[in-house]
1. Place the peptides 20-30, 77-87 in order of packing, highest mean first, counting for every residue the other Cβ atoms within 10 Å and averaging per peptide.
2. With the crude spin-label approximation of a point 7 Å out along Cα→Cβ, what separation in nm comes out for Thr20 versus Gln34?
3. Beyond 11 Å, what share of the Cα-Cα pairs of the stretch 21-65 remains, rounded to the nearest whole percent?
4. So if R0 is 41 Å, what FRET efficiency would Arg45 and Gln79 give, r being the distance between their Cβ atoms, rounded to the nearest 0.05?
5. Give me the extension gain from Thr61 to Leu87: residue separation times 0.36 nm, minus the current Cα-Cα distance, reported in nm with one decimal.
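FYI, it's all coordinate maths here, none of it is from the lab. Since the model is a prediction, treat every value here as computed from it, not as a measurement. Cβ sites come from the backbone with ideal geometry, for glycine too, and all protein chains shown count toward neighbours.
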Amino acid sequence: MNSMNPNGQQPQGDSSLTMTYEQFQEQQRQRRDQEMVEGRQALLRAGADSSSEKVRGLINTMQELVQELSMTENQIQVQADAQLRQLRKLKERASSVEAEVRSSLGGSALH
């Protein structure tokens with residue numbers, strides 16, 4: 001139901017991971033907002049006073065912080081995984097070049 005990020009317009013490559021993460025973040029934000037609205041309505045229906053409303057607000061804030069920390073942890077993990085893949089590719093290229101150099105030197109030394 002998020003019309004701001006249509007599925008058909010995602011960019012290709014690494015930025016598609018970012019779009020997917022941003023969409024996930026937006027979805028989580030909307031869900032939290034909806035839960036807070038529903039929680040406030042339930043408290044008001046139950047006749048909650050202002051102090052219990054304040055406690056509920058603090059609990060919601062703590063839950064948001066925990067969820068934000070979790071999303072940040074996931075983002076860091078995605079970035080770390082991408083960097084590890086890049087390092088492995090560079091190592092493979094270096095090994096390939098080293099093998100070519102060794103082959104070239106070995107071939108020249110034999111002649």
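1. 20-30, 77-87
2. A separation of 2.2 nm, rounded to one decimal place.
3. Across the stretch 21-65, Cα pairs with separations above 11 Å total 68 percent.
4. 0.40
5. 5.5 nm
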